[in-house]
Amino acid sequence: MIEKIKPLAKPSGFKFTKKKAQAKATDKLTISLDVGSHNTKMLVGRLKPSGILIEKALMELTPANSYSDGDVLDAGQLTALLKDMTTRNRIASTDLVFSVESTKFIKREFALPQIPNEDIIGLATYEMMQYLPIDISEYSIAPHIIGEIEEDGAKKIRVSVCAVPKSIIQTYQKLFTGIGLNPLSMEIHSNSIEKLIQFHEKSSPNSVYANKSVVFIDMGHSFFNVSFYEKGLYQFNQVIEAGGRDLDSIISKALNINEKKAEKVKREIFRKISVEDLESKYANAASDYHPGSVKVKLLIDLLSAITQWVVQINGVISYMKRSKEKSIDRIYIYGGASQISGLSSFLEKSLGIKTTVPKSLCRFTCARDIDKQIAVADYGNALGAFLRA
C-alpha cells in the first residue's frame with residue numbers, strides 16, 4: 001500500500017506504508033538503489049545531520065532483458081542479482097530507498113489558488129483528471145510547490161505534479177519484499193537531484209547552485225534525462241531517447257562484435273582520443289566522404305552520433321529557455337556517458353553554456369576505498385534517494 005503524498009516545498013517521493021515506530025531515522029544504515037537498463041547501482045550508507053556517510057558503493061551489470069524504462073521485465077533475474085549483491089558484500093541492512101525514472105511517468109505543471117497544503121493533492125488530482133485521458137485511480141500522485149505566479153490579478157502557486165502507475169510501484173514493492181528487503185520510499189531521478197541541490201545549498205554557504213538556473217543531464221545507457229532547476233527547485237524535465245548504447249551499437253556493427261565487447265572497445269577508444277579531437281579531425285568531412293579504413297569510418301560515425309546528442313539536447317534546452325523565459329547559468333552532466341573524454345567541453349562549445357561534471361552534489365563522505373568523484377558521476381540518483389522526506 002502507498003501512503004497519500006503530502007505536498008511540500010520539496011518533493012516528498014512515494015512512501016511505502018510504515019509503522020510510526022519505524023519512521024525515518026537519522027544515522028540508520030540504509031541501502032539506496034538505482035536500477036538502470038545497463039547498470040544496477042547500490043549505495044550503503046547512513047544519513048547524518050552533517051551529510052551522507054557512504055560505506056559501500058557497488059555496481060553490477062543489469063541482466064539483459066530484465067529491466068527497461070522503469071519496468072521490471074524479469075523479476076527472477078533481478079531478484080538473483082540483488083540477492084547476490086547484498087549477500088556477497090555482507091550488507092547488514094534491509095531498509096531500502098530507491099530512485100527510478102520512466103517515460104511512463106506523467107509530469108505536469110499547474111497554477112493553483114493559494115490553498116492549504118493538505119488540499120493541494122485533491123486539487124492537483126482533479127486537474128490531472130481534467131487534462132489527461134487517464135484513469136487517475138491507476139496512478140499515485142505526488143505534487144510539490146515549485147514557485148509562485150500572478151494570474152488575472154491573483155497570486156497563485158505553481159505546482160509540479162508527477163503521476164506514477166501504481167502497477168510499477170507495486171511491482172517494485174513485491175520484488176524487494178520478496179528477497180527480504182524493506183522498501184521505505186521511491187523517488188524519481190529529477191527529484192533526487194533536486195534534494196541533493198537543496199541539501200548542498202543548506203550545508204554550504206557558498207553553494208555553486210544558490211540562486212542559479214541550472215540543468216542536470218543524466219546521460220544513461222538508454223536515455224538522457226534533462227532536468228531544469230531554478231534556485232534549487234525542480235521546474236521541468238524531458239527524457240531523450242539517446243544514450244551510451246548508441247555508440248555501442250555503432251561499434252558492434254562496424255566491427256561485427258557483440259555490444260558487450262563493443263562497450264570495452266568504446267572505453268578504449270575514448271581513453272586514446274577525446275570528442276574534441278574527433279571534432280577537429282573529422283567535423284568537416286563531407287557527407288559523401290569515403291574514408292579509407294574501417295577505423296576512420298568508425299570514428300566519424302561516433303562523432304556523428306555524439307553530434308546528434310547535442311542536437312537533441314539543444315532542442316530541450318531551447319524549449320526550456322522559451323517556456324520559462326529564463327537563461328541557464330550552467331549545465332551539469334553525470335551518468336555513464338558523461339565520462340566520455342572531452343564530452344563536457346564539446347557540449348559547452350556547441351551549446352554556448354558552461355558545462356561540467358558536478359564535483360559535489362551534497363556533503364557526503366566515503367569509505368577509503370571509494371573514489372568520491374566516481375560516486376558523484378555514477379551514483380547521483382542513489383545519493384538523492386537517501387534524502388527521503
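I'd like the residue in the stretch 228-261 that is of a type in the set (Lys, Arg) and part of a helix (DSSP H, G or I) and, out of all such residues, is nearest to the chain's Cα centre (by Cα). Before the answer, list the steps.
As a first pass, look at the stretch 228-261 and keep what is of a type in the set (Lys, Arg): 231, 245, 253, 260-261.
Within this subset, residues satisfying the condition of being part of a helix (DSSP H, G or I) are 245, 253, 260-261.
Details: 245: 17, 253: 29, 260: 23, 261: 26 Å.
Step by step, filter the stretch 228-261, then rank; the result is 245.
Quick check: is even one residue across the stretch 99-109 of a type in the set (Val, Ile, Thr) and within 20 Å of residue 175 (Cα to Cα)? Yes.
Screening residue 326 with (1) farther than 30 Å from residue 185 by Cα; (2) of a type outside the set (A, V, I, L, M); (3) touching a Gly at 6+ places or on another chain (Cβ under 9 Å) gives one miss only, at (3). Screening 191, 182 for residues that are under 22 Å from residue 44 (Cα atoms), polar (S, T, N, Q), in contact with a His (Cβ under 9 Å, 6 or more places away or on another chain) and in contact (Cβ under 8 Å) with a residue 24 or more places away in the chain leaves exactly one candidate, 191. Considering the stretch 134-169, the residues that are among the small types (Gly, Ala, Ser) and either more than 18 Å from residue 189 (Cα to Cα) or without any contact (Cβ under 8 Å) to a residue 12 or more places away in the chain (or both) include one that is surrounded by the most Cβ atoms within 10 Å (Cβ to Cβ), namely 147. Among the residues of the stretch 377-387, is any in the same structural domain as residue 97 (by TED's automatic domain parsing), in contact with a Pro (Cβ under 9 Å, 6 or more places away or on another chain) and surrounded by 22 or more Cβ atoms within 10 Å (Cβ to Cβ)? Checking the stretch 377-387: at least one residue is in the same structural domain as residue 97 (by TED's automatic domain parsing), in contact with a Pro (Cβ under 9 Å, 6 or more places away or on another chain) and surrounded by 22 or more Cβ atoms within 10 Å (Cβ to Cβ). Of all the residues in the stretch 342-361, those that are at pLDDT below 95 and either buried (at least 21 other Cβ atoms within 10 Å of the Cβ) or farther than 21 Å from residue 320 by Cα (or both) number 4.
Yes or no, residue by residue, for (1) assigned by TED's automatic domain parsing to the domain that holds residue 113; (2) in contact with a helix residue (DSSP H, G or I) (Cβ under 9 Å, 6 or more places away or on another chain); (3) charged (D, E, K, R):
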position	(1), (2), (3)
155	yes, no, yes
182	no, yes, no
194	no, yes, yes
213	no, yes, no
218	no, yes, yes
223	no, no, no
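The values are calculated or read from the model by the stated rules, or taken from the named source; none is laboratory data. This one's a predicted model, so the numbers in the text were calculated from it and none came from an experiment. When we count neighbours, we look across all protein chains shown, and the Cβ atoms used for this are built from the backbone with ideal geometry, even at glycine.
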